[in-house]
Every structure is written in C-alpha cells, then in structure tokens.
1. Could you state, as a whole-number percent, how many of the C-alpha pairs of the range 194-242 are farther apart than 17 Å?
2. Counting only C-alpha contacts under 8 Å and six or more residues apart, can you give the relative contact order of the chain as a whole percent?
3. With 10 angstrom as the radius, rank Asp60, Asp253, Asp114 by how many other C-beta atoms surround their C-beta, starting from the fewest.
4. Which of rounded, prolate, oblate describes the range 26-145, given a ≥ b ≥ c as roots of the alpha-carbon gyration tensor eigenvalues and a/c under 1.5 marking rounded, otherwise prolate only if a/b is larger than b/c?
5. How would the range 36-102 be classified by its alpha-carbon gyration tensor: rounded, prolate or oblate, with rounded meaning a/c under 1.5 and the a/b versus b/c comparison settling the rest?
6. Quick check on the exposure proxy: order Ile66, Ile269, Ile100 from fewest to most C-beta atoms within 10 angstrom.
7. Report the label-to-label distance for Leu258 and Trp275 in nanometres (one decimal), using points 7 Å from each Cα along the Cα→Cβ vector.
8. Which whole-Hz ³J(HN,Hα) couplings does the range 232-249 yield from phi under the Karplus relation 6.51 cos²θ - 1.76 cosθ + 1.60, θ = phi - 60°, glycine and proline marked x?
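Quick note: the coordinates plus some simple rules give every number you see, no bench work behind them. The structure presented is a predicted model; accordingly, all values stated were derived computationally and were not measured. Methodologically, a virtual Cβ is constructed for each residue, glycine included, from the backbone with ideal geometry; neighbour enumeration extends over all protein chains shown.
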Amino acid sequence: MRGRVQALLITLATASLLLTCWISASIVALVTLRQGVVKGLWLLLWALLPSGSIAVVFGDLQPLMIIVGSTALAVVLRSAVSLPLAVLCSAVVGLVAGWIFLALAGGQLQQIADMLAQMLGQMQQEINAGASSPEVVLQAPTVSQLAAIMGLGTAVVSVLCVLLARYWQAWLYNPGGFASEFRQLYLPPVGALTLVLVAVLVVALGAQYRYWAGILAVPLVFAGFGLVHAYAKWRGKGSAWLMLFYGLWLLLDPLKWLLVLVAVTDSLINFRARWIRLDPPAQRDQDDSEEGG
C-alpha cells in the first residue's frame, strides 16, 4: 500500500515457491481490493513471471494456480462487493484448477500415484504379515483423485489468501471491519442447495469422484466457519473456545461433515437472524450483574 515498487518486489520474491506463494497471492488480492482490478491485474502479470517459469521448467503448477485463483476471487469481491459470492466462486476455481492439473500435469501426477501405490503396498504387506487372510486394504489414489486433491487445495488456499487480504485491508483502513464481515458470511439458499445437488450428482458417478465433490464443499465449510464465529460472538466465547473448535475440526472427520450440514441448514433458516431477535447471553448476564450490584 506504500507504493507500486514495494508491492512488486515482495510479490516477485514470494511468487515462485509453494511455501511462500500465498504471500504473493494475498498481496495481489489486497491491491485488487484496495486499488482496483486494473492495478491488481498489472501486479498479477508480474507474479506470473516467476510462478509461470516454475510451472514450465519444473512442472509445479500449484503456485501459479493459487495466485491466479486468489486474484479471480479478489476480482469478484471487488466487483460485486459480496464475500459470499467470492467464497461461492472458490468451488469454480477449485474445479478449473483440478482440470488444469489433470490436463497439464498428468505425467507428474502419475509418478506420484505410482510412488504412493508402492508405499501403501509395502505398508499393507507389513500390516497383514502373518495374517491368514488380508485384513487391511490400502487403496492408492488415482491420477484423477490427485488432480481433485490439488484443485481442492487451490480452492482452500485461494479463499484463505483473499480473507487475509481482506483482513489486511480492514486492519489498515477499517479496524474491526473484517471480523464483522466474516461473522456475517452466509450463503444464499440457491447457492448452498446447488452445491449440494451437484456434489451428490458427482458422487453418484463413482467413488473415484468423491474428491471432486469435496471441492464443492469448500464454500460451505467457510460459511460454517463464519457461523461458528458469529455464535462465539453471540455467546461471548473467547479465542480459546475458537481454537479448541478448530483443533477438533482438524482431528474429527464427523465434525467436518457436521459443519457442512449446519452451513446448509443456516442457508435455509438463517440462524443469525434468529439470534438477533434474542438478547445476547453475554450482554444479558452483564446487565443482570449490574442490576444485582
């Protein structure tokens, strides 16, 4: 935000590596959100030089996909001024990225699939050693599933980069604005039901497509996170409670699916609108203590 040169230097320095490309992607998104689409796309073109070179020379498309995906979501957010719409578009970003990985990096993905198949085969032999019949069957992912996993990762990181850029923007120009905006993250019923319907149709194609269906759940997961933050605010929970939730969410698969279900339900009945009609418990308890004092 201090100048074009500073943004350009940091973007170029961090665009080529997977471990740092999120910084470049977030900077491009921030410039897009704050200074407009034209300046954001100008910075994107420079970011494509190192990330595109890595993709051509080494076949690593991930930094390129993350930077382009984050910029696309930032353009949507800048143009529509709608965080829910930008989050919804992350499903499109993930699907497109997955198809690109499948089309352009099929050879690398096949090598990874062969390596995983060999590793899992050895593990299965060790686990089932001495058993009269095989007890554990470890299935290696196919090339299509690996492409879907890469697309899923692109969608998730792209949303995170845009959220980070939005946080930076609010921190600089509107302190506290990001927290309020994120707590209001709510997917419209049409969008949520469309995601669910398409995901069901994709899963019906076969088990190998379940990872592709997982990409469609990304917007619902982030909408669920927004609802959790809204609930924590309403109930007066602190950051420790949120950290506990995220820790359990990472460890427990049933909680992941429960969050998606809650997000879909929230799109239909809007929990936040119901909470607004009630006195916040934290505020009510404070009022009662003041009256008692």
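1. The answer is 49 percent, as a whole percent.
2. Numbers: 364 pairs, mean separation 49.2, N = 293.
That works out to 17 percent.
3. Details: Asp60 18, Asp253 9, Asp114 12.
Starting with the residue having the fewest Cβ neighbours, the order is Asp253, Asp114, Asp60.
4. On the way: a/c = 4.00, a/b = 2.33, b/c = 1.72.
It is prolate, given that a/c is not under 1.5 and a/b is the larger ratio.
5. Details: a/c = 4.04, a/b = 1.39, b/c = 2.91.
Taking the square roots of the gyration eigenvalues as a ≥ b ≥ c, the range 36-102 is oblate.
6. Details: Ile66 28, Ile269 9, Ile100 18.
Least to most surrounded, the residues fall as Ile269, Ile100, Ile66.
7. It works out to 1.7 nm between the two label points.
8. Ordered by residue, 3J(HN,Hα) equals 4, 5, 5, 8, x, 7, x, 5, 4, 5, 5, 4, 5, 4, 5, x, 5, 5 Hz.
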